[in-house]
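We did not get these values from a lab; they are worked out from the coordinates using the rules stated. Since we're looking at a predicted model, the values are computed, not measured. Cβ placement follows ideal geometry from the backbone for every residue including glycine, while neighbour counts extend to all protein chains displayed.
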Amino acid sequence: ICCRVTPSQKAQVTLLVKENIPEEITLAIGDGANDVSMIQAAHVGVGIRGKEGQQAVLASDYALPRFSFLERLLLVHGRYSYNRISTMMCYFFYKNVIFALCLFWFAVTNGFSAQALYDDGYQALYNLVFTSLPVMTFAVFDRDLEAHIVCARPELYCTGPRNKYFNTARFATFLVGAIIHSLVLFYFTLMCLDTNVGDGNGRGLGLWSVGTAVLTNIVIVVTLVIGLHTRSWAWIHWAVYI
């Protein structure tokens, strides 16, 4: 506990904790110009709008009208953001590893001829259009518990500091799942669309038909996976998925 310290001393105390306990996240909160150095030194800075001016607010990462709102900022919005971002980061690697590995399995099949599997247009639209909306709705609306439950049970906040949802084991689970799913998707599609399958004119399906079928199956699977990780469903989720 520090009392009657200067602005530079506030920053030094913050840096002392930040540098000597690197596994911990420091948060500084203030409402005046004398708190700016401390706010900038911490990992997370919170400024309170008050009678002492806007310097603390302008230097902070988050601005609050009242100190009492800090509880909701951490327990509700902070926890929601951690849960969403943790799953999203693993999922982004997952869906792009599937996309890339199917190209690798295709190269193994055709003797590494450098022939592309996907159409260039579809390849460009994969992240931009085909798989973007489910991720956006997840990032904005997903929540595992209602806000009043989270506020009533502060121990739920420990999932973030303990890295329960973003750790090596969880990332490895997504990565292994991507490898297995890519193998199944590519070779299962290839087996279904063999030379005995043709179009309406009696001709066999070409490379672009196979590539489009593989990409379609990838989009379906990765969309189902993010749907399985969605813990709260609203009308906008159904609108996006349908």
Among MET38, MET191, rank each residue by its count of other Cβ atoms within 10 Å, from fewest to most, as a rough exposure measure.
-> MET191, MET38
Positive-end residue of ALA33, VAL46, VAL13, charge dipole of the range 1-49 with Cβ unit charges = ALA33
How far is helix 79-109 tilted off the main Cα axis of the chain, in degrees rounded to 10, range 0 to 90?
-> 30
The size of the Cβ-based charge dipole (Lys, Arg +1; Asp, Glu -1) of the range 71-241 about the Cα centre, to the nearest 20 debye, is 580
How big is D, in µm² s⁻¹, for the range 98-242 by Stokes-Einstein at 25 °C and 0.890 mPa s if Rh is the Kirkwood radius over C-alpha pairs?
-> 136
Helix-derived [θ] at 222 nm for the chain: sum -39500 (n - 2.57) over DSSP H runs of at least 4, divide by residue count, nearest 500?
-> -17000 deg cm²/dmol
Pop out the ³J(HN,Hα) list for the range 217-233 in order, Karplus 6.51 cos²θ - 1.76 cosθ + 1.60 with θ = phi - 60°, rounded to Hz; leave Gly and Pro as x.
-> 5, 4, 4, 4, 5, 5, 5, 5, 5, 5, x, 5, 8, 7, 9, 9, 10
Overall Cα dimensions of the range 1-50 - principal axes, largest extent first, Å = 32, 20, 16
Descending Cα extents along the principal axes, the range 37-79, whole Å | 28, 22, 11
Estimated distance in nm for a label pair at SER8 and LEU183, the labels positioned 7 Å out from Cα along Cα-to-Cβ = 6.2
Within the chain, what is the longest stretch that has no chymotrypsin sites (Phe, Trp or Tyr not before Pro) placed in a DSSP loop and near at most 13 other beta-carbon atoms within 10 Å?
-> 113-232
For q = 0.09, 0.13, 0.18 Å⁻¹, what log10 I(q)/I(0) does the chain give under the Debye formula with an equal point scatterer on each alpha carbon and no solvent?
-> -0.59, -0.91, -1.29
